[in-house]
Amino acid sequence: MSVCDYSKMNGKEVAAELARLKSEYEAFKAQGLKLDMSRGKPAPDQLDLAADLLKSGEGYDFIDSAGIDSRNYGEPTGVPELRAIFADMLGVDIKNVIAGGNSSLNLMYDTISRAYTHGLPHSEKPWGKYDKIKFICPSPGYDRHFAVTEHFGFELIEVEMNDDGPDMDAVERLAASDESVKGIWCIPVFSNPTGCVYSDETIARLAKMKCAAKDFTIMWDNAYGVHTLYGDPPKTANILELCERAGCPERVIMFASTSKITYAGAGVSCVAGSEGTLEAAKKSMSIMTIGYDKVNQLMHARYLKDYNGVKAVMRRHAELLKPKFELVESELKERLGGSGAARWTTPEGGYFVSLYTIDASAKRVVELCAGAGVKLTGAGAAYPYKKDPADSHIRIAPTYPSLGELKKACELLCLCVKLAYLERKTGATVD
Ligand code: PLP
């Protein structure tokens, strides 16, 4: 199938195309589809990969490498063998890692909450004592990051996300000029939702840039650090080392989890940073909990074994995910390529594809898809306050649906992109 350039169609051709697309849309509606592509969840077959994780069975010993019974209280920084795996994944020393519970988002929330109530080790006072706090949100980005900082009343500042990370000229300008700008959200590898990987130059600039706020904090969420579809995970510059070298070791706080390595709802997470950062985190964690779930931590460490074991597991995920990402790419290319109605990213890992419609159309596309039974992430969700100023971004989450469902969903999505384009150009509407 070849797609004609919609911008070159004359009035008669547009009317004919619109009529054709409308009848295709009605046919989709009649199918009574009920598909959900709104969140980036692992599919059931991905969860099944980790079946061996739960084989503790008879005779299983719960004693970790430090000789601690994981079933009991104690060892608040977590099971050492799991911390060692996270340390290797993040490229830091084991002493710089605390293993947590099932959710890294929880650790991020706790970090912001602690900054707000008590301040971070490099803070002059708790963030809650300032009249105004601002946070840089590279966009499109992860809606739940933005929600955390919005929840604490911070002003969210949108900065454009480029192919090699956030627009660093804008980030440097904001950080240097305004003391109330306290930090930035970063997903350095296979970013949610564009799939971009930060360049070493971007990482170096983040580590050494001038910040008006002494306690400027980079929330470094390496959620997709090992989630490559092809070959080994990308090697990126070591931001903790760079911050140490730049004399601001507390600037970066790193996070990761196994949510998309083992179980999204029952994995293990970690927080990592300078010794000062971890001392402060430990102190506050010790008030909050006597310790996270060490049994799950130990089971994870034994299942994953080491960093090579993690990479081996991720290769099996890649086998399941590659066909899905490649299907999305081929469907978009076949149905929208050359139409001028959209552009999209082609990530080499992570959980999402970003699709950009023409301006003022993304909401309409999501609405049209919902009208025919395919639920997508709300348009604008990847921007601060859920407002995409151009109304052009749509996050595609290909992991959960089966290949058959995904193909159907992509067909409908492309149809709706074209319909919305023609609606916009002609002023017609499809009900
Ligand atoms: N960070 C990013 C960038 C994510 O996309 C997600 C989930 O989609 C999370 C964190 C959630 O991680 P966790 O399950 O460890 O809380």
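Projecting the Cα positions of H118, M89, A27 onto the charge dipole of the chain (unit charges on Cβ atoms of Lys, Arg, Asp and Glu, taken about the Cα centre) puts A27 furthest along the positive direction. Amide H contacts of S70 (H built 1.01 Å from N, in plane; Pro and chain starts excluded): I63, D64 sit under 5 Å, all sequence-distant by 5 or more or on other chains.
With only Lys, Arg, Asp and Glu charged, each at its Cβ (+1 for the first two, -1 for the last two), find how big the charge dipole of the stretch 327-431 is about the Cα centre; round to the nearest 20 debye. Walk me through the numbers on the way to the answer.
Working: 14 positive and 12 negative charges, 32 e Å.
Dipole about the Cα centre, nearest 20: 160 debye.
Pairs of Cα atoms nearer than 8 Å and 6+ residues apart set the relative contact order; for the chain it is 25 percent. Taken about its Cα centre, the stretch 53-145 carries a charge dipole of roughly 600 debye when the Cβ of each Lys and Arg holds +1 and the Cβ of each Asp and Glu holds -1.
Just for the chain, what percent of DSSP beta bridges are antiparallel, to the closest 5? The antiparallel proportion sits near 45 percent.
Under 1.5 on a/c is rounded, so check that first for the stretch 320-431, then, if it is not, pick prolate when a/b is larger than b/c and oblate when it is not; a ≥ b ≥ c are the square roots of the alpha carbon gyration tensor eigenvalues. Walk me through the intermediate numbers first.
Details: a/c = 1.61, a/b = 1.36, b/c = 1.18.
Taking the square roots of the gyration eigenvalues as a ≥ b ≥ c, the stretch 320-431 is prolate.
A Gaussian network model of the chain, with springs between Cα atoms under 10 Å, assigns the largest mean-square fluctuation among M288, M108, M314 to M288.
Grab the DSSP H runs of the chain that are 4 residues or longer, score each as -39,500 (n - 2.57), total them, divide by all residues and round the 222 nm result to the nearest 500 deg cm²/dmol.
Working: 13 runs with 174 residues, N = 431.
Helix contribution divided over all residues of the chain: -13000 deg cm²/dmol.
Computed 3J(HN,Hα) for the stretch 344-358, one whole-Hz value per residue from the Karplus formula 6.51 cos²θ - 1.76 cosθ + 1.60 where θ = phi - 60°, is 7, 8, 10, x, 9, x, x, 10, 9, 10, 9, 10, 10, 8, 5, glycine and proline marked x. When a/c reaches 1.5 or more, the comparison of a/b and b/c decides; with that in mind, is the stretch 10-162 rounded, prolate or oblate per its Cα gyration tensor? Here the stretch 10-162 falls in the oblate category. Give the lysines reachable from K425 as a straight Cα distance under 23 Å; neighbours fewer than 8 places away on the same chain don't count. Cross-link targets: K8, K12, K22, K333, K363, K387. Here the Karplus relation 6.51 cos²θ - 1.76 cosθ + 1.60, evaluated at θ = phi - 60°, turns the backbone of the stretch 191-198 into coupling constants of 3, 8, x, 7, x, 6, 10, 5 Hz, with x for every Gly and Pro. Does the stretch 145-184 come out rounded, prolate or oblate by the C-alpha gyration tensor, with a ≥ b ≥ c the root eigenvalues, rounded set by a/c under 1.5 and, if not, prolate when a/b is larger than b/c and oblate if not? Oblate, because a/c is 1.5 or more while a/b does not exceed b/c.
For the chain, a simple Cβ point-charge model (Lys and Arg +1, Asp and Glu -1, everything else neutral) yields a dipole of about 700 debye relative to the Cα centre.
With a 10 Å radius around each residue's Cβ, average the other Cβ atoms per peptide and rank 132-138, 196-202, 4-10, highest first. Each step should come with its number before you reach the end.
Working: 132-138: 22.3, 196-202: 20.3, 4-10: 12.0.
Taking the mean over residues of other Cβ atoms within 10 Å, the ranking is 132-138, 196-202, 4-10.
Please tell me the relative contact order of the stretch 43-137 in percent, rounded to the nearest whole number, where contacts are Cα pairs under 8 Å and at least six residues apart. In percent, rounded to a whole number, it is 12.
How charged is the neighbourhood of A281? Take every other residue with its Cβ under 9 Å from the Cβ of A281, and add Lys/Arg as +1 and Asp/Glu as -1.
On the way: positive: R114, K282, K283; negative: D110, E279.
For residues surrounding A281, the net value is +1.
For the stretch 87-128, relative contact order (Cα pairs under 8 Å, six or more residues apart, normalised by length) works out to 21 percent. Each of T77, G195, A362 was placed along the dipole of the chain (beta-carbon charges, centred on the mean Cα), and the one lying farthest toward the positive end is A362.
Laboratory data are not the source of any read-out in this text; all were calculated from the coordinates shown. None of these values were measured; they are calculated from a predicted model. A quick note on method: Cβ atoms are made from the backbone with ideal geometry, for glycine too, and the neighbour counts reach across all protein chains shown.
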